[in-house]
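Novice: The structure's right below; bear with me while I get my questions together.
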Amino acid sequence: MDATDYKVRLEIFEGPLDLLLYLIKKDEVDIQAISIERITRQYLDYINTFKLLNIDLASEFIVMAANLMYLKSRTLLPRVDQPPEAEAEEDDPRWDLIRQLIEYKKFKDAAGFLTLRAIEQEGRFAHQPDAPPPTTNEPAPLAEVSIFDLIRAFQNVLKRFEESHDFGDIIDDRFTVSDKIDFLLDQFAPGEIKSFDNLFQSASTKAEVIVTFLALLELMKLNQFLVRQSSLLGTIAIERRTHNAIAELHAFSDPALTDE
């Protein structure tokens, strides 16, 4: 099983509006000041990377891509050449998308606030609390690091690799995802932490970079590795868990779980 026939079943709970908000936050611009041309290009870069990794995408991502390209085309047209259905709309073709993003951000912020209030309420029952557990430096779990951050880090690695390597030589490197899972487990002692970029230092081809990243995603799904960031959009570090989960690794060999 190599990178071409490996299908990633990654549970992406974020949708296309989450990706757009992520791109806006990354560029540190106001929602109402977004550039349709820039955000469309960045959005399509992410979609193309998902396709490169053979990651299943919800149809909503493709619909949003089509909508962004339509809005981009409208921004390039003079007012007199706008389509008939746009005559009654605002002068700025971005406005409908901006409204969606503002309302969605309000919803997300409200949901986050309610979650925090629920956590606070859990500690307000009149009972004798148990002794607090000892404090640890347990890193944030994968669910707290956006998949978009992981894809951004992978894009940066792939770009640097393509700039620094000559693809004139043909190298036969039929690495499989299983090979790279074994490789990554050998590279990490239990509890050891390495930078995300460090995982790809020995890669000699673009295909090997891709397969290594797929193996990393699989190990994260199997709860073998933790991923954390020191700050928003910061450097990503990978840590191997210390517990023994051999039974979970055996699940990777089940074709029903990994293959089409």
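The values are calculated or read from the model by the stated rules, or taken from the named source; none is laboratory data. Quick caveat: nothing in here was measured; it's all calculated off a predicted structure. Cβ: placed from backbone, ideal geometry, glycine included. Neighbour counts: every protein chain shown.
Novice: Filter segment 37-63 for residues that are assigned to a helix (DSSP H, G or I) and polar (S, T, N, Q) and give the result. Spell out the reasoning first.
Specialist: Here is the first cut: in segment 37-63, the ones assigned to a helix (DSSP H, G or I) are 37-52, 59-63.
Correct list: 40, 42, 48, 49, 59.
Novice: Checking the conditions here, which among 79, 41 is among the basic types (Lys, Arg), modelled with pLDDT under 80 and in the same structural domain as residue 24 (by TED's automatic domain parsing)?
Specialist: On the way: 41 fails: modelled with pLDDT under 80.
Exactly one residue qualifies, and that residue is 79.
Novice: Could you list all residues from segment 214-237 that are in contact with a strand residue (DSSP E or B) (Cβ under 6 Å, 6 or more places away or on another chain) and of a type in the set (D, E, K, R)?
Specialist: Of everything in segment 214-237, just one residue is in contact with a strand residue (DSSP E or B) (Cβ under 6 Å, 6 or more places away or on another chain) and of a type in the set (D, E, K, R), namely 228.
Novice: Which number in (1) assigned to a helix (DSSP H, G or I); (2) in contact with a Pro (Cβ under 9 Å, 6 or more places away or on another chain) marks the one condition that residue 226 misses?
Specialist: (1)
Novice: OK, next. Is it true that some residue in segment 166-185 is surrounded by fewer than 17 Cβ atoms within 10 Å (Cβ to Cβ), modelled with pLDDT of 90 or more and hydroxyl-bearing (Ser, Thr, Tyr)?
Specialist: no
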